[in-house]
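See structure below.
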Amino acid sequence: MSIDIKYKPELPVTEQPIIIIGAGGIVTDAHLPAYKIAGFKVHGIVNRTKERAEKVAGHFDIPNVYNSVAEAVALAPANVVYDLTIMPEQYIETLKQLPNGSAVLIQKPMGDDFNQAKEILALCREKDFKAAINFQLRYAPFVSAAKYLIDAGLIGELYDMEVRVTIKTPWEIFPYVIIHPRLEIQYHSIHYVDLIRSFLGNPESVLAKTLKHPAKSLSSSRSTILFDYGDTLHAVINTNHDHDFGSNHQESYIKWEGTKGAIVAKIGLLMDYPHGVPDVFEYCILEEGKSPEWQIVKLDGSWFPEAFIGTMSNLMRYNEGSDKVLNTSVEDVINTMAVVESAYQSSDKGGVKVSEQLM
């Protein structure tokens with residue numbers, strides 16, 4: 001069964017100039033390439049090291065480089081959208097400087113822990129921000145395509161969702177992240193936690209374990225998170241960033257199974273990161289009297305940079321009134337942070353001791 005899948009994000013109908021706060025690698029690798037593809041106007045950029053901002057501005061033809069966030073706000077054009085690409089410990093002090101009622105896209109995660117996430121939520125409410133967190137995996141072409149098929153009822157009732165990542169991750173290219181005491185879930189699997197929530201809602205509970213590698217100094221590099229959605233709906237995340245044994249048995253995919261069909265999306269970006277390999281999107285719709293047949297669909301774009309169009313576009317469309325729901329709003333994402341916090345608590349407390357059953 002061949003289906004015309006609609007997966008590209010709708011764009012805003014009004015021009016909303018962007019001011020970027022921060023000039024790190026994610027800006028040059030994803031934000032700015034995505035905005036160029038979408039035709040978004042980037043009005044200015046500011047960074048703690050101005051020379052870095054000037055270099056980025058020169059490469060991407062950004063007309064204004066500011067000395068400070070305060071100067072950027074003072075010289076901001078009408079209808080501006082602020083794009084925060086800084087580290088979480090800088091969020092609060094930066095958000096305090098933005099005008100009340102601003103539209104702002106904040107880089108994930110929503111703080112370094114749940115307490116900080118709650119502070120960010122309270123500040124966004126106090127200042128009446130239209131604030132979204134940049135969980136852009138929700139808008140990767142293979143995720144949007146899967147959502148289209150599922151929302152159309154084509155794979156029936158969803159009863160299984162799995163994310164499996166078995167790769168070698170070069171953490172060393174993220175010097176500000178590699179030292180984090182909550183590395184794997186907080187800075188990687190959090191994408192999948194948010195993704196599963198976006199399809200299945202909030203779980204009743206989670207069971208999780210996040211682990212170190214015996215020969216590495218990282219705080220964690222492998223995790224398993226099992227979501228409790230009752231007795232028929234299964235959802236699990238399995239990640240292993242330590243598979244240093246070549247590409248033959250590396251894996252990186254999201255799988256959805258339903259009563260009438262299934263979808264598998266290979267996340268090519270994570271294989272041989274940051275170079276990546278092509279994504280693969282496949283689906284199978286059961287047809288009575290026929291053997292199961294998988295269809296491969298070629299989709300335009302990938303997680304980087306195209307998914308970054310989706311989060312910004314949704315914020316802009318919400319800001320102008322075209323979209324009624326801000327999908328990755330701080331009000332929604334606080335639930336992602338709650339699941340992440342619960343996963344860490346589960347990992348720390350451990351499971352039921354088998355020895356207690358034997359006494």
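From the set of residues in the stretch 185-216 that are within 22 Å of Leu158 (Cα to Cα) and β-branched (Val, Ile, Thr), which is surrounded by the fewest Cβ atoms within 10 Å (Cβ to Cβ)? Filtering first and then ranking leaves Val206. Report yes if Ile237 is of a type outside the set (D, E, K, R), touching a residue at least 12 places away in the same chain (Cβ under 8 Å) and farther than 29 Å from Ile37 by Cα, otherwise no. For Ile237, the condition - of a type outside the set (D, E, K, R), touching a residue at least 12 places away in the same chain (Cβ under 8 Å) and farther than 29 Å from Ile37 by Cα - is met. Which is surrounded by fewer than 16 Cβ atoms within 10 Å (Cβ to Cβ), charged (D, E, K, R) and touching a residue at least 60 places away in the same chain (Cβ under 8 Å), of Glu287, Glu306, Glu341? Of the residues listed, the single one that is surrounded by fewer than 16 Cβ atoms within 10 Å (Cβ to Cβ), charged (D, E, K, R) and touching a residue at least 60 places away in the same chain (Cβ under 8 Å) is Glu287.
Of the residues making up the stretch 180-225, those that are outside any helix (DSSP H, G or I) and within 20 Å of Met110 (Cβ to Cβ) number 14. The residues of the stretch 1-25 that are modelled with pLDDT of 95 or more and either in a helix (DSSP H, G or I) or of a type in the set (Phe, Trp, Tyr) (or both) amount to a single one, Tyr7. Of everything in the stretch 217-228 that is within 18 Å of Ser252 (Cα to Cα) and polar (S, T, N, Q), the residue that is surrounded by the most Cβ atoms within 10 Å (Cβ to Cβ) is Ser223. For Val352, the conditions (1) surrounded by fewer than 19 Cβ atoms within 10 Å (Cβ to Cβ); (2) outside any loop (DSSP other than H, G, I, E, B) all hold with the exception of (2). Within the stretch 51-78, the set of residues being among the aliphatic types (A, V, I, L, M) and touching a Ser or Thr at 6+ places or on another chain (Cβ under 8 Å) comprises Val56, Val69. Reported count of residues in the stretch 48-100, each being of a type in the set (A, V, I, L, M, F, W, C), part of a loop (DSSP other than H, G, I, E, B) and buried (at least 18 other Cβ atoms within 10 Å of the Cβ), is 5. Residue count for the stretch 123-146, restricted to those that are surrounded by fewer than 18 Cβ atoms within 10 Å (Cβ to Cβ) and under 30 Å from Glu10 (Cβ atoms): 4. Criterion applied to Ala103, Ala38 was being of a type in the set (Gly, Ala, Ser), within 19 Å of Asn319 (Cβ to Cβ) and out of contact with any Phe, Trp or Tyr (no Cβ under 8 Å at 6 or more places or on another chain), and the one residue passing it is Ala38. Considering the stretch 321-338, and only residues there that are in a helix (DSSP H, G or I) and in contact with a strand residue (DSSP E or B) (Cβ under 6 Å, 6 or more places away or on another chain), the residue that is surrounded by the fewest Cβ atoms within 10 Å (Cβ to Cβ) turns out to be Val330.
The values are calculated or read from the model by the stated rules, or taken from the named source; none is laboratory data. Note that this is a predicted model, so its numbers are computed, not measured. Note that we place each Cβ from the backbone using ideal geometry, even for glycine, and neighbour counts take in every protein chain shown.
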